[in-house]
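> First the structure, then my questions, so here it is.
The values are calculated or read from the model by the stated rules, or taken from the named source; none is laboratory data. Please read these numbers as outputs of a predicted model, since none were measured by experiment. Note that each Cβ is placed from the backbone with ideal geometry, even for glycine, and that neighbours are counted across all protein chains shown. The protein model used for the area step is the full one, side chains on, heavy atoms only, and it has no ligands, DNA or RNA in it. Shrake-Rupley method; radii C 1.70, N 1.55, O 1.52, S 1.80 Å.
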Number of protein chains: 2
Amino acid sequence: MQEKQVKEITNRDVDFAQWYTDVCIKAELIDYSSVKGCMIIRPYGYAIWENIQKELDKRFKETGHQNVYMPMFIPESLLNKEKDHVEGFAPEVAWVTQGGEEELKERLCVRPTSETLFCEHYANIVKSYRDLPKLYNQWCSVVRWEKTTRPFLRSREFLWQEGHTVHATAEEAKEETKKMLNLYADFCEEYLAIPVVRGEKTEKEKFAGAENTYTIEALMHNGIALQSATSHYFGDNFAKAFHMTYLDKENQLKYMFQTSWGITTRIIGAVIMTHGDDHGLVLPPNVAPIKVSIIPIGKNHPEVLEKSYEMAKELKLLNIECEVDDSDKTPGYRFADCEMRGIPIRVELGPRDLENNTCVLVRRDTLEKTEVNLEEAAEEIIRLLVDIQDQMFLRAKMRRDDMTKTVTTMEEMKTLAETENGFIRANWCGKRECEDKIKEEVGVTSRCIPWEEEFTGGKCVCCQEEATQLVYWGKQY
Amino acid sequence: MQEKQVKEITNRDVDFAQWYTDVCIKAELIDYSSVKGCMIIRPYGYAIWENIQKELDKRFKETGHQNVYMPMFIPESLLNKEKDHVEGFAPEVAWVTQGGEEELKERLCVRPTSETLFCEHYANIVKSYRDLPKLYNQWCSVVRWEKTTRPFLRSREFLWQEGHTVHATAEEAKEETKKMLNLYADFCEEYLAIPVVRGEKTEKEKFAGAENTYTIEALMHNGIALQSATSHYFGDNFAKAFHMTYLDKENQLKYMFQTSWGITTRIIGAVIMTHGDDHGLVLPPNVAPIKVSIIPIGKNHPEVLEKSYEMAKELKLLNIECEVDDSDKTPGYRFADCEMRGIPIRVELGPRDLENNTCVLVRRDTLEKTEVNLEEAAEEIIRLLVDIQDQMFLRAKMRRDDMTKTVTTMEEMKTLAETENGFIRANWCGKRECEDKIKEEVGVTSRCIPWEEEFTGGKCVCCQEEATQLVYWGKQY
């Protein structure tokens, strides 16, 4: 039975895209419906999102942010107020044209993002410097009318949070933009065990209406980059379009400075594609809804079942979420199912183990087995959970580093991109035409100008003129 | 200053509707935007909703429910599958007709409720009796195209949770329906200090497509009833329309039995209108985002400020959410502001108090003051919070009971309804024509057939023929 279920998913290295979809379905993260391009997030997938929400919400509140809820509709005239913004979003929004029996005088779009609504609200409630800063966040769903869709990575509706803040000075807003990017990066590394490159988007890749866009970029197991969260500095662009002014200490009317930042359910796709393997999902312990699955073996041994429940009770008292899989399926089937769902540790407990006062712990990331005394099981589980989290991050980082290569000429860049996927480090002169040419000839786009690596000079990989920055390039989702 | 702010809201007994709107705005619960009929839920209002969510979500999970997320759109053909349901909802839905640049082949409605999506999903994932029951819940926003709207009570978009469950037997589904209604009732009484009448809706008032609708009805301060949560039993009506079948233990194909149940942000309106007074909001301690506001008095006394922060730290260690209002506004202004926001306890601390090693505690519900020793303040605050919660419920219940009157003839009923608002208890024969006549002539509708009061026989208040049940009647929001 174990064999059967494992074989039901495509081999990861044979067809990564199909493997990904198989995991989403077989681990019961999502399902499809008759609503084209949208997905159903099933209980197990949603429990992962709830953990992500809980952890991020805690970090947002610790940094002084407050949650609000804005309408899901945006009148067309409001969306049109900031020119760059509407140009970026109008081609991909869904329009409500009828409400009940009446045709609407003005179309409403279903929010693709809520800058315009926050702008209007801030213009309304902020009067003086005493009202600043405003540090708001919203958890909601948004809609972008995508043509091709994939579970978590790209769907017409997705869940996210969007932070929107206004500040008295440009410096303060810039600081907020960077602070939130670092918050996302720390969250991804500490909580999801996903190593990220922090950096800035080029002019071409930045958000519609932003002055600067910062990003964290992760590298999936197949070497494709995934933009995992972004943070935008708007200067006073929107403030001017929406008349967002306040009276400063000298009673002068000033424009506010603004930021926004967001992370979406797409990050669940990043967890799957960073850690998953041919047995299915592999969840880092911190984000796993179930940390331990206890599997009693031997149908006619009530004492095994009893001990399993006792252990579950003990773990719950230690705040370790666990389950007892006492279904009537074969042990092999239950082992495979537990692996498919990526549960960090499975406990195997049979009559012979019980006689010896032991049980077997199997860690999901390496599938290594350890036999431990029953009295020491809880302690060992705690130790293992910490170790799995650490090791998963280190392995992902090592893989990412292995897949990050530096080139100095277009020839090298082309050869590398044809041979393997991954991050390509290459200097750039800052000119749009070189960026376009690299995309056209090599098939990679600029992912970011990294924060944590100093640019030490050199020539542009494309035109061989003086470079102005180091850029990470890659194929992306 | 205190005088000024208090006078800014309308007197509750002079114009209840205006008083209500004033509180929503002045306590900074909501704001308006250019999106007609929708509201912005501001940080303080949203923090109340977050507390409601957290407590309910805990209770849902304790009773075995799991959260999921369904698409926000419903294709017209899917909505049309159950006849009664579509008749009830089609006139008030918003329609998306365009996605990006393309006109849609089939219109999508923005969900007014998600029965149809859950039905399709359950038909898809449930194969055998082993897959039952499924106990799902969803937190989301829904849209109903209302003509006249009011903050929290009626808006085109509102936040809610919708539970949708399927079961192998009618008995089990019926039990779930009632269990969830009791869960809502207990939550309202224990957490929001709102007494409710539990009961069943008449045929006329039940949910579109349901076999039975259960409701909890609360009575606002002005004697108008507010339907606070509902729970529906669908039998196999939807199951037949959506081919929701499963194989039972004897390998026979059977229809599933279904329920749904929901509570919305409207319940925040109930909190305001049950407990609020001429000074503003009054929040029951359990749901209050801030339980204690410490107000230091005397600008040039750093030791007062220091002691205030020390007290705040002590309360936080005891898990009591509190704030120090150290703004440069006058004490009177800060007292009034704290009252407007309905914070259960305010602590007044001045230099003379500090000399005497005392502080003054003012409870929001009665505005009673107590002087206590600083060492005993925390203990007294804990005691007071419990007492406020209890007393608020008892006062609301006493008022509700005072406003509940029994009549036996139409004359009595008309006179009563003309003189005062409140619940009217009156027997009914069960005929629709009597229900319609009562609405037309008396101006009240049936709120519910109460669960907790036995019907002991009598005549129908309208036709004076044999009655079949006791009914609560009233005007409603």
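> Among the residues that make up the stretch A:197-220, is at least one of them crowded, with 21+ Cβ neighbours inside 10 Å and under 20 Å from A:Lys54 (Cα atoms)?
no
> To continue, here is another question. Residues that are crowded, with 21+ Cβ neighbours inside 10 Å: which helices (runs of 4 or more DSSP H) entirely in the stretch B:344-428 hold 3 or more of them?
Values: elements: B:351-355, B:377-402, B:410-419.
Filter on the stretch B:344-428 gives B:377-402.
> Give the residues of the stretch A:190-219 that are assigned to a strand (DSSP E or B) and among the hydrophobic types (A, V, I, L, M, F, W, C), sorted by residue number.
A:Val197, A:Ile216, A:Ala218, A:Leu219
> State all residues of the stretch B:220-267 that are under 30 Å from B:Leu153 (Cβ atoms) and either part of a loop (DSSP other than H, G, I, E, B) or not assigned by TED's automatic domain parsing to the domain that holds B:Glu157 (or both); if no residue qualifies, say none. Break it down stepwise before answering.
We begin by selecting, within the stretch B:220-267, every residue under 30 Å from B:Leu153 (Cβ atoms); these are B:220-234, B:237-238, B:258-267.
B:Met220, B:His221, B:Asn222, B:Gly223, B:Ile224, B:Thr265, listed by residue number.
> Listed residues A:Ile48, A:Ile52, A:Ile25; which is outside the structural domain of A:Val143 (by TED's automatic domain parsing) and not basic (Lys, Arg)?
On the way: A:Ile48 fails: outside the structural domain of A:Val143 (by TED's automatic domain parsing); A:Ile52 fails: outside the structural domain of A:Val143 (by TED's automatic domain parsing).
From the options A:Ile48, A:Ile52, A:Ile25, the qualifying one is A:Ile25.
A quick yes/no check of all residues on (1) at negative phi; (2) in contact (Cβ under 8 Å) with a residue 60 or more places away in the chain; (3) in contact with a strand residue (DSSP E or B) (Cβ under 9 Å, 6 or more places away or on another chain):
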residue	(1), (2), (3)
A:Leu315	yes, yes, yes
A:Lys329	yes, yes, no
A:Tyr333	yes, yes, no
A:Pro344	yes, yes, yes
A:Val362	yes, no, yes
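> Count, please, the residues in the stretch A:34-87 that happen to be without any contact (Cβ under 8 Å) to a residue 24 or more places away in the chain and among the aromatic types (Phe, Trp, Tyr).
Adding up the residues that qualify gives 1.
> How many of the residues making up the stretch A:274-294 are within 9 Å of A:Asp365 (Cβ to Cβ) and either touching a Lys or Arg at 6+ places or on another chain (Cβ under 7 Å) or at pLDDT below 95 (or both)?
So the answer is 2.
> For the stretch B:287-309, which residues satisfy the criterion of being open to solvent by 60 Å² or more (accessible area, probe 1.4 Å), assigned to a helix (DSSP H, G or I) and in contact with a helix residue (DSSP H, G or I) (Cβ under 9 Å, 6 or more places away or on another chain)? It would help to see each step written out before you state the result.
Filtering the stretch B:287-309 for residues open to solvent by 60 Å² or more (accessible area, probe 1.4 Å) gives B:299-303, B:305-306, B:309.
In the following step, the residues that additionally are assigned to a helix (DSSP H, G or I) were identified as B:302-303, B:305-306, B:309.
Passing the criteria: only B:Glu303.
> Right, next: Restricting to the stretch B:152-171, name every residue that is in contact with a helix residue (DSSP H, G or I) (Cβ under 8 Å, 6 or more places away or on another chain) and either at pLDDT below 95 or part of a loop (DSSP other than H, G, I, E, B) (or both).
Residues of the stretch B:152-171 that are in contact with a helix residue (DSSP H, G or I) (Cβ under 8 Å, 6 or more places away or on another chain), as a first pass: B:152-154, B:158-159, B:161, B:163-168.
B:Phe152, B:Leu153, B:Ala168 - these are the residues of the stretch B:152-171 that are in contact with a helix residue (DSSP H, G or I) (Cβ under 8 Å, 6 or more places away or on another chain) and either at pLDDT below 95 or part of a loop (DSSP other than H, G, I, E, B) (or both).
> Do any helices (runs of 4 or more DSSP H) entirely within the stretch B:54-151 hold 1 or more residues that are open to solvent by 10 Å² or more (accessible area, probe 1.4 Å) and within 9 Å of another protein chain (Cβ to nearest Cβ), and if so, which? Show your work before the answer.
Details: elements: B:76-79, B:83-89, B:115-125.
Once the helices (runs of 4 or more DSSP H) in the stretch B:54-151 are filtered for at least 1 residues that are open to solvent by 10 Å² or more (accessible area, probe 1.4 Å) and within 9 Å of another protein chain (Cβ to nearest Cβ), what remains is B:76-79, B:115-125.
> Does the stretch A:18-33 hold any residues that are touching a residue at least 40 places away in the same chain (Cβ under 8 Å) and hydroxyl-bearing (Ser, Thr, Tyr), and which are they?
The answer is A:Tyr20, A:Thr21.
> Moving to a separate point now. Would you call B:Val324 under 11 Å from B:Leu349 (Cβ atoms), at pLDDT 95 or above, touching a Leu at 6+ places or on another chain (Cβ under 7 Å) and assigned by TED's automatic domain parsing to the domain that holds B:Ile382?
Working: under 11 Å from B:Leu349 (Cβ atoms): yes; at pLDDT 95 or above: yes; touching a Leu at 6+ places or on another chain (Cβ under 7 Å): no; assigned by TED's automatic domain parsing to the domain that holds B:Ile382: yes.
So B:Val324 fails the test.
> Still on this structure, please answer the following. Return the residues of the stretch B:7-53 that are more than 9 Å from chain A (Cβ to nearest Cβ), under 21 Å from the mean Cα position of the chain (by Cα) and part of a loop (DSSP other than H, G, I, E, B); say none if nothing qualifies. Working first, answer last.
Filtering the stretch B:7-53 for residues more than 9 Å from chain A (Cβ to nearest Cβ) gives B:7-27, B:29-30, B:48, B:51-53.
Subset that is under 21 Å from the mean Cα position of the chain (by Cα): B:12, B:16-27, B:29-30, B:48, B:51-53.
If the condition is that a residue be more than 9 Å from chain A (Cβ to nearest Cβ), under 21 Å from the mean Cα position of the chain (by Cα) and part of a loop (DSSP other than H, G, I, E, B), then B:Arg12, B:Ala27, B:Leu29 are the ones that fit.
> Can you name every residue in the stretch A:243-286 that is surrounded by fewer than 24 Cβ atoms within 10 Å (Cβ to Cβ) and of a type in the set (Phe, Trp, Tyr)?
Within the stretch A:243-286, A:Tyr246, A:Tyr255 meet the criteria.
> State all residues of the stretch B:430-461 that are open to solvent by 20 Å² or more (accessible area, probe 1.4 Å), over 21 Å from B:Leu226 (Cβ atoms) and assigned to a loop (DSSP other than H, G, I, E, B); if no residue qualifies, say none.
B:Gly430, B:Lys431, B:Glu454, B:Phe455, B:Thr456, B:Gly457, B:Gly458
> Right, something else. Scan the stretch B:172-180 and tell me whether some residue there is among the charged types (D, E, K, R), in a helix (DSSP H, G or I) and within 30 Å of B:Gly422 (Cα to Cα).
Yes, the stretch B:172-180 contains at least one residue that is among the charged types (D, E, K, R), in a helix (DSSP H, G or I) and within 30 Å of B:Gly422 (Cα to Cα).
> Moving on. So is B:Val271 touching an Asp or Glu at 6+ places or on another chain (Cβ under 8 Å) and farther than 15 Å from B:Thr165 by Cβ or not?
Values: touching an Asp or Glu at 6+ places or on another chain (Cβ under 8 Å): no; farther than 15 Å from B:Thr165 by Cβ: yes.
Answer is no for this residue.
> Something else: Counting only residues that are of a type in the set (A, V, I, L, M, F, W, C) and free of Cβ contacts under 8 Å to residues at least 60 places away in the same chain, which one in the stretch B:162-196 is surrounded by the most Cβ atoms within 10 Å (Cβ to Cβ)? Explain how you work it out, then say what you get.
Taking the stretch B:162-196 and keeping what is of a type in the set (A, V, I, L, M, F, W, C), we get B:166, B:168, B:170, B:173, B:180-181, B:183, B:185, B:187-188, B:192-194, B:196.
So of that shortlist, the ones also free of Cβ contacts under 8 Å to residues at least 60 places away in the same chain come out as B:185, B:196.
On the way: B:Ala185: 24, B:Val196: 26.
Result: B:Val196.
> Hey, among B:Ile9, B:Ile52, which residue is farther than 22 Å from A:Val126 by Cβ, modelled with pLDDT under 95 and not aromatic (Phe, Trp, Tyr)? Please lay out each step first, then the result.
Details: B:Ile52 fails: modelled with pLDDT under 95.
Answer to the check: B:Ile9.
> Of everything in the stretch B:126-148, what is at pLDDT 95 or above, among the β-branched types (Val, Ile, Thr) and within 30 Å of A:Val68 (Cα to Cα)? Give them in sequence order.
Hits for the stretch B:126-148 are B:Val142, B:Val143.
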